[in-house]
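Chemist: Mind looking over this structure? Questions follow.
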Amino acid sequence: MLSRNAQGVYWLGRYLERADLLCRMMKEQVGALVDRPVEEINFAWRRLFACMQYTPAGGLFNVASDNFTQADSFTLAGETTFEEGNPNSLTACIRMGRENARQMRNCISAEMWTSLNLSYLKFLDSDIVSIWRRSPEAFFDETSRDLRSFFGIAHATMYRDEAWLFLQLGRAVERAQGSVSLLLAQVAEETKLETGLEYGLESLLAIFEARETYRRRFGFDVASERVRELLVTDPRLPNSIRQSTDAAFENLNKMGPAPDGDFEMPLRIAGRTCSLVRYEWPDVDDRRKLLKEISEGTRQIHASVEKGFFHNSN
C-alpha cells in the first residue's frame, strides 16, 4: 500500500475518533448545565479543556482558575464545537476527516464516503445559536451517532486489506491517547479539590460509556480508584485504555514489518505500552505517573508508525 494512502486512512480514523470523544464529552457537559452544582460544571470545563490542550476564547478565560457562568458555557461550547482556530474543535476534526476520506476514496467503500459526506453536509447547516435554541445535548448525541454509523458502515462494507488495518490502527491510537489525556485531566483536577470531594466521576463513566458495567461490577457507590481501574484495565470495555492499546498492537501485528528498516519498532513499542496497562497498573501506587508513562507510550506508537510506514526513506 502506498504510504500516502496509508497515512490518509490512518488519519481518517484518528480525526473521526477524536470527534466522537469530543461529542461524548460535550453531551455530558451541556447536559450537566441543567441540574449540576456550579462547582462541578466548572470542574468539568477545566477537565475538558485540559484534555483538549486548548485555551478557550483567545485567552479570555483562565482555564486553571476561572468559574464559568451559564452564559460562559454558551461561549465555551462554541469554542469546542465550531471554532475554526481550534485544531481539535468538532468542526475541524469532521472537516479534516472528510477531506482525508475524499482523497482516499480509492481505499474506502462508496458507502463510507456517502455516509460521511452526508453527515458533513448536515453538520455545516448548524451553528452554536441554532443548536443552543433547540437542544445542544441532542445535537452532540446525534453527531456521535452519525460518526458511529460511518464506522458501522466501514465494518460492513470495507475490504479487509491494509487500508482497513490502518483505519483501525488510527482509531485505536486516537482512542488510547484521548482516554489517557482525559484521565490525566481528571486526576489533575482532583488534586485541586478539598479532601473528600469527588467531582466528575459519573460523567467520566458516561463519557467512557461504562455506567452500566461499573454498576454491575461495583454497585452504585462510585469511587475514584474503582472508576480508574475499570476505565484503564477492563479488557472487555470497548473504550477502556487496555482495549485500545491491545487493538493497536493487534493491528500492527497483522500489518507485518514496517518498510523503514527497523522492522519491529512500532510493534515493540505497542507491546511495551500494553504491558504497562496489563501488568504494571495493579502493582504501582503512583497511578498518575503510570498514566503519564502510558500516554508517552501511545505517543511513541504514533511516532513509530509515522516514521516506519509513512515517512520511511526506503
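Chemist: So how exposed is ILE94, as accessible area in Å² (1.4 Å probe, rounded to 10)?
Modeler: 10 Å²
Chemist: Going through the stretch 113-218, which chymotrypsin sites (Phe, Trp or Tyr not before Pro) have at most 16 other Cβ atoms within 10 Å and a DSSP loop state?
Modeler: TYR159
Chemist: Please arrange THR273, THR213, THR157 by accessible surface area, largest first, computed with a 1.4 Å probe and ligands excluded.
Modeler: Most to least solvent-accessible, the answer reads THR157, THR213, THR273.
Chemist: On to the next question. Which residues in the stretch 268-304 place their backbone N less than 11 Å from a point set 7 Å from the Cα of VAL187 along the Cα-to-Cβ direction?
Modeler: The answer is 281, 284-296, whose backbone nitrogens lie closer than 11 Å to the label point.
Chemist: Helix-derived [θ] at 222 nm for the chain: sum -39500 (n - 2.57) over DSSP H runs of at least 4, divide by residue count, nearest 500? Numbers along the way, then the final one.
Modeler: Values: 14 runs with 215 residues, N = 314.
That calculation yields -22500 deg cm²/dmol at 222 nm.
Chemist: Moving to a separate point now. Scan the stretch 154-226 for trypsin sites (Lys or Arg not before Pro) in coil per DSSP, keeping those whose Cβ has at most 14 other Cβ atoms within 10 Å, and list them by number.
Modeler: ARG160, LYS192
Chemist: Counting other Cβ atoms within 10 Å, which trypsin sites (Lys or Arg not before Pro) in the stretch 232-293 have at most 10 and lie in a DSSP loop?
Modeler: Those that pass, being in a loop and sparsely packed, are ARG236.
Chemist: Treating only the Cα positions of the chain as identical point scatterers, give the base-10 log of I(q)/I(0) from the Debye formula at each q in 0.08 Å⁻¹.
Modeler: Each listed q maps to, in turn, -0.36.
Chemist: On to the next question. Under a 1.4 Å probe, what is the accessible area of the stretch 1-150 per residue, stated in Å²?
Modeler: 44 Å²
Chemist: How large a share of the accessible area of the chain, in percent, is made up of carbon and sulfur atoms when the probe is 1.4 Å and the other protein chains stay in place? Spell out each step's value before the answer.
Modeler: Values: 7070 of 14430 Å².
C and S atoms contribute 49 percent here.
Chemist: Could you name the lysines whose alpha carbon sits less than 20 Å from that of LYS254, not counting residues in the same chain fewer than 8 places away?
Modeler: Cα-Cα hits under 20 Å: LYS307.
The values are calculated or read from the model by the stated rules, or taken from the named source; none is laboratory data. If you're wondering where the values come from, they're calculated on a predicted model, not measured in any experiment. When we count neighbours, we look across all protein chains shown, and the Cβ atoms used for this are built from the backbone with ideal geometry, even at glycine. SASA here: full protein model, heavy atoms, side chains in, ligands and nucleic acids out. Shrake-Rupley method; radii C 1.70, N 1.55, O 1.52, S 1.80 Å.
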